[in-house]
Amino acid sequence: MTDPVAEVVSLLKPSPSISKLVTGGGQWLVERTEIGSPFYCAVVEGRCLMTIAGREPMVLTAGDFVLVPKIFSFTMSSMEPPPRGALAQRLETSPGVFRLGDPEAPAEIKALVGHCAFGSDDKALLVSLLPEVIHVHGEERLMALVRMINEETRADRVAREMVLHRLLEVLFIDALRSAASAKAPPGLLRGMADPLLAPTLRRIHEDPGRSMTVETLAREAAMSRSTFFDRFRREVGVAPMEYATGWRMALAKEFLREDMAMADIAQRVGYGSTSAFSVAFNRHVGMPPGAYSRAVAAAA
């Protein structure tokens with residue numbers, strides 16, 4: 001059976017960029033204001049404050065795991081942050097190991113921190129289906145995965161990059177599993193937690209080439225058109241056909257990168273002709289499929 005969450009993570013193509021061990025003592029603050037990369041953190045010992053732009057501050061304690069797939073400005077600090085404008089104290093004591101705050105003060109926090117990148121050209125659409133922030137406590141599997149990523153990052157082993165890519169995919173899926181519930185914000189996880197919508201989402205992912213309308217999807221879900229439309233938009237965050245078209249175009253981009261024949265792509269993503277597919281792709285992406293293929297080839 002098709003698993004939409006696994007497919008989204010696979011298409012995102014998460015790849016590691018930075019993984020480090022951080023300790024802190026005394027008063028310290030780290031501020032990320034550049035719109036950078038997705039971020040995750042596992043608190044091994046102690047506690048600290050994390051404040052994401054537009055959200056209330058979170059107290060992170062030992063056993064907490066935070067994943068921020070979307071790109072936000074945020075700060076992490078000691079429980080009593082230093083005054084704003086104070087000179088940041090940050091020292092790399094060894095490769096990938098950083099000390100924050102007063103180097104002479106007892107360490108009050110120990111955390112594994114990482115940044116990653118998404119290789120997908122459609123990451124904006126795919127990330128929009130995920131929660132903005134995942135914060136869970138006591139999930140030892142997540143802590144173990146972060147430790148493995150940190151160790152692998154610093155090791156010079158055979159197939160290191162492949163292992164890191166796979167570990168990151170598993171980390172994302174495990175984090176999403178931990179956050180999956182009807183209490184999640186609108187998006188794919190909340191849709192998959194709805195017993196009436198989950199089969200519809202699986203069918204959209206399993207067979208994107210079949211003919212789909214709101215009416216046929218509603219009938220398959222045993223709901224009236226209006227009830228189905230309103231429920232889908234409320235739980236998933238977008239209208240049913242907007243979701244289906246976005247997923248089809250994300251797949252089409254992947255197929256174009258693989259140099260698949262245009263007629264085959266059109267059929268696989270639900271268009272009766274290459275011209276109909278080309279018009280839809282141009283409307284969604286802003287350029288014809290052929291131009292997109294040439295741009296991908298030039299970038300490679």
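Figures for the structure shown
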| read-out | value |
| --- | --- |
| Estimated Rh, the range 133-193: Kirkwood, alpha-carbon pairs, angstrom | 12.8 |
| Neighbour-limited loop hits for GluC sites (Glu not before Pro), the range 184-261 (at most 13 other Cβ within 10 Å; DSSP other than H, G, I, E, B) | GLU258 |
| Extension gain (nm, one decimal) between GLU56 and GLU132, 0.36 nm per residue minus Cα-Cα | 26.0 nm |
| Semi-axis lengths, Å, the range 141-295, gyration tensor of Cα atoms, sqrt of 5 times eigenvalues | 32, 26, 11 |
| Apportionment of accessible area to carbon and sulfur, the chain, percent (1.4 Å) | 54 |
| Exceeding the 20 Å Cα-Cα cut-off - candidates LYS20/LYS123; LYS20/LYS110; LYS70/LYS123; LYS123/LYS253 | LYS20/LYS123 |
| Between the range 1-63 and the range 252-277, the Cα center-to-center distance that results, in Å | 37 |
| Binned Cα-Cα distance frequencies in the range 6-46 - 5 Å width, integer % | 5, 12, 20, 23, 17, 11, 7, 4, 1 |
| Degrees between helix 160-179 axis and first principal axis of the chain (Cα, 0 to 90, nearest 10) | 80 |
| Proximal aspartates and glutamates relative to LYS13, as straight alpha-carbon distance under 20 Å, when same-chain residues fewer than 8 apart are discounted | ASP3, ASP121, ASP122, GLU132, GLU152, GLU161, GLU169, ASP174, GLU206, GLU254, GLU258, ASP259 |
| For the range 29-89: accessible area per residue (Å², 1.4 Å) | 49 |
| Spatial separation of Cα centroids for the range 174-222 and the range 144-162, in angstrom | 34 |
| Table column - 3J(HN,Hα) (Hz), the range 266-279, Karplus curve with 6.51, -1.76, 1.60, x for Gly and Pro | 4, 5, 6, 10, x, 10, x, 8, 5, 5, 5, 5, 4, 5 |
| Per residue solvent-accessible surface (Å²) - the range 180-269, probe of 1.4 Å | 46 |
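The values are calculated or read from the model by the stated rules, or taken from the named source; none is laboratory data. Note that the structure is a prediction, hence the values are computed from the model and not measured. Note that we place each Cβ from the backbone using ideal geometry, even for glycine, and neighbour counts take in every protein chain shown. Calculation scope for accessible area: heavy atoms of the full protein, side chains included, ligands and nucleic acids excluded. Shrake-Rupley method; radii C 1.70, N 1.55, O 1.52, S 1.80 Å.
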